[in-house]
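Asker: Structure in structure tokens, see below.
The values are calculated or read from the model by the stated rules, or taken from the named source; none is laboratory data. Keep in mind that this is a model prediction, so the values were computed, not measured. Cβ coordinates were reconstructed from backbone atoms using ideal geometry, including for glycine residues, and neighbour counts include every protein chain displayed. Ligands, DNA and RNA are excluded from the accessible area calculation, which covers all protein heavy atoms including side chains. Shrake-Rupley method; radii C 1.70, N 1.55, O 1.52, S 1.80 Å.
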Amino acid sequence: MEKVLLGNTGIKISKVGFGVLTIGETQLNLREDEGSEIISYAVSKGINLFDTAEYYNTYRYMAKAFKQNSDNLVISSKSMANTGKWMMNAVEDARKALDRDIIDIFMLHEVRGLWDLPWRRGALEKLIELREKGIIKAVGISTHHIEVCEEVSKMADVDVVFPLINFRSLGIRKGDGFGTAEEMASAIRKCADAGKGVLGMKAFGGGNLTGSYREALDYVYGLKGMEAVMIGFGKKREVDDICDYIEGRMSKDYAPDVSQKRMHIDLGDCEGCGSCVSRCTSKAISLNKETGQAEINHSLCLTCGYCAPVCPERAIIML
């Protein structure tokens, strides 16, 4: 698979990355051997970029797969840390769990607005320090917020931005409300013009746009500055599909079979706001009385996907 340079970092990455969250306990919850086998298969197909995070609890899948082949792989991880000590621990945990001296990219995970940046300044300063010491190669920020993506273009100490972007604007945030794909695309261009590396997430809107497979990918890969897109894989066939697309073998009318997919609440993201409950016309979603988080009654769910766009935390996905 073709490799491209990630902004001004000097890091060479495949044009598609493996978002390891999908195989973890909050989504497919695959057995360790199942998940690591899919990762190994992706490596064999030329994918060298792997994205994870402190709270995903997926390092074990990666470590098992990378024992067989760790050459030229690029690891990107993230932490919700807001202090230098917390961030230091997060980086050290990743190094230990993955048996790597250097983590290629480490990010502030899910910066939720401009107000969040000063709150997490200590963590960012620690990442900058670790980059200077050679423990990480690049400092990044992941976000669903347009204004944060725009701000990264002005931040000299940040190398990589990881924004949420898809053609239907699912999950894109602007202030306290929703933003548009066009607005996020504009922010991405500013980052690219400033030499930042750009990685895209949620091209399929958490699986809700998988039925529009080519349209979804054509959109994100057509954006100026987009160097790679992270995709969550749960099957080897899905790895084959993205390789066919990237390498130009996919037919123009390709559409994957999504008839067996179901709506799913990612409890790592759900904040129990109730927006999905109000939107569901089939009354399939309710809030759990004990946890306060959303849950789906699949005997009532029509898999219409109408709930996903109203979730402010993009916690509703299709698996």
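Asker: Does the chain classify as rounded, prolate or oblate by the C-alpha gyration tensor (a ≥ b ≥ c root eigenvalues; a/c under 1.5 gives rounded; else a/b over b/c gives prolate, otherwise oblate)?
Answerer: Taking the square roots of the gyration eigenvalues as a ≥ b ≥ c, the chain is rounded.
Asker: Per residue, how large is the accessible surface of the range 156-259? Use a 1.4 angstrom probe and give square angstrom.
Answerer: 40
Asker: Given charges of +1 on the Cβ of Lys and Arg and -1 on the Cβ of Asp and Glu, with all other atoms neutral, how large is the dipole of the range 55-106 about its Cα centre, in debye to the nearest 20?
Answerer: Here the size comes out at about 180 debye.
Asker: Ok, one more. Considering only protein heavy atoms and a 1.4 Å probe, what is the carbon-and-sulfur percentage of the accessible area of the chain?
Answerer: Accessible surface attributable to carbon and sulfur in the chain totals 47 percent.
Asker: List the trypsin sites (Lys or Arg not before Pro) within the range 25-75 that DSSP assigns to loop and that have no more than 13 neighbouring Cβ atoms inside 10 Å.
Answerer: Those that pass, being in a loop and sparsely packed, are ARG31, LYS67.
Asker: Given the Cα-Cα distance of CYS301 and SER70 and 0.36 nm per residue of separation, how much length would full extension add, in nm?
Answerer: Extending this stretch completely gives an extra 78.9 nm.
Asker: Rounded if a/c is under 1.5, else prolate if a/b is larger than b/c, else oblate: which is the range 23-105, with a ≥ b ≥ c the root eigenvalues of its Cα gyration tensor?
Answerer: Oblate shape, in that a/c is at least 1.5 and b/c is the bigger or equal ratio.
Asker: Additional query: Using R₀ = 45 Å, calculate the FRET efficiency as 1/(1 + (r/R₀)^6) where r is the Cβ-Cβ separation of SER259 and LEU5; round to 0.05.
Answerer: Calculated transfer efficiency: 0.70.
Asker: Once R0 is set to 41 Å, what does the formula 1/(1 + (r/R0)^6) return for the Cβ-Cβ distance between SER278 and ASP157, expressed as a FRET efficiency to the nearest 0.05?
Answerer: 0.50
Asker: R0 = 45 Å: FRET efficiency of GLU215 with GLU37, Cβ-based, nearest 0.05?
Answerer: Here the calculated transfer efficiency is 0.90.
Asker: Next question, about the same structure. Note down the relative contact order for the chain as a percent, whole number, built from C-alpha pairs under 8 angstrom at least six residues apart.
Answerer: 16
Asker: Still on this structure, please answer the following. List nothing, just return the count: lysine pairs in the range 21-144, 8 or more apart or interchain, with Cα separation under 22 Å.
Answerer: Total qualifying Lys-Lys pairs in the range 21-144 comes to 19.
Asker: Among DSSP bridges having both ends in the chain, what percentage is antiparallel? Round to the nearest 5.
Answerer: Of those bridges, close to 30 percent are antiparallel.
Asker: Extension gain ASN82-GLU25, at 0.36 nm per residue separation less the Cα-Cα distance, in nm?
Answerer: 18.1 nm
Asker: For the chain, set up a GNM with springs between Cα atoms under 10 Å and report which of HIS264, HIS298, HIS109 has the largest fluctuation.
Answerer: In this elastic network of the chain, the residue with the biggest mean-square fluctuation among HIS264, HIS298, HIS109 is HIS298.
Asker: Hey, how many Å between the Cα centroid of the range 248-270 and the Cα centroid of the range 300-319?
Answerer: So the two Cα centres are separated by 12 Å.
Asker: For the range 151-218, calculate the relative contact order in percent as a whole number, restricting contacts to Cα pairs under 8 Å that are 6 or more residues apart.
Answerer: 38
Asker: Right, another one. For GLU125 paired with ARG249, estimate the spin-label separation in nm (one decimal), with each label point 7 Å from Cα along the Cα-to-Cβ line.
Answerer: Simple spin-label model gives 5.1 nm for this pair.
Asker: Follow-up. At what distance in nm do the modelled label points of GLU132 and LYS96 sit from each other, each positioned 7 Å from its Cα along Cα→Cβ?
Answerer: Each label point is offset 7 Å from its Cα along the Cβ direction, giving 2.6 nm.
Asker: Then there's this: Running a GNM on the chain with Cα contacts under 10 Å, which residue among ALA90, ALA255, ALA138 ends up with the highest mean-square fluctuation?
Answerer: Checking each option, the largest mean-square fluctuation is seen for ALA255.
Asker: Choose one answer from TYR254, TYR55, TYR213: the residue with the largest mean-square fluctuation in a GNM of the chain with alpha-carbon springs under 10 Å.
Answerer: Evaluated over the chain, the most mobile residue of the options is TYR254.
Asker: How about the range 88-155: which chymotrypsin sites (Phe, Trp or Tyr not before Pro) there lie in a loop by DSSP and see at most 13 other Cβ atoms within 10 Å?
Answerer: Hits after loop and neighbour filter: TRP115.
Asker: Let me know the charge dipole size of the chain about its Cα centre in debye, to the nearest 20, where only the beta-carbon of Lys, Arg (+1) and Asp, Glu (-1) is charged.
Answerer: About 100 debye.
Asker: Can you tell me the length gained on complete extension of the stretch ASN288 to GLU183, counting 0.36 nm per residue apart and subtracting the Cα distance?
Answerer: 34.3 nm
Asker: Would you please put 11-24, 237-250 in order of how densely packed they are, using the mean number of other Cβ atoms within 10 angstrom per residue and starting with the highest?
Answerer: 11-24, 237-250
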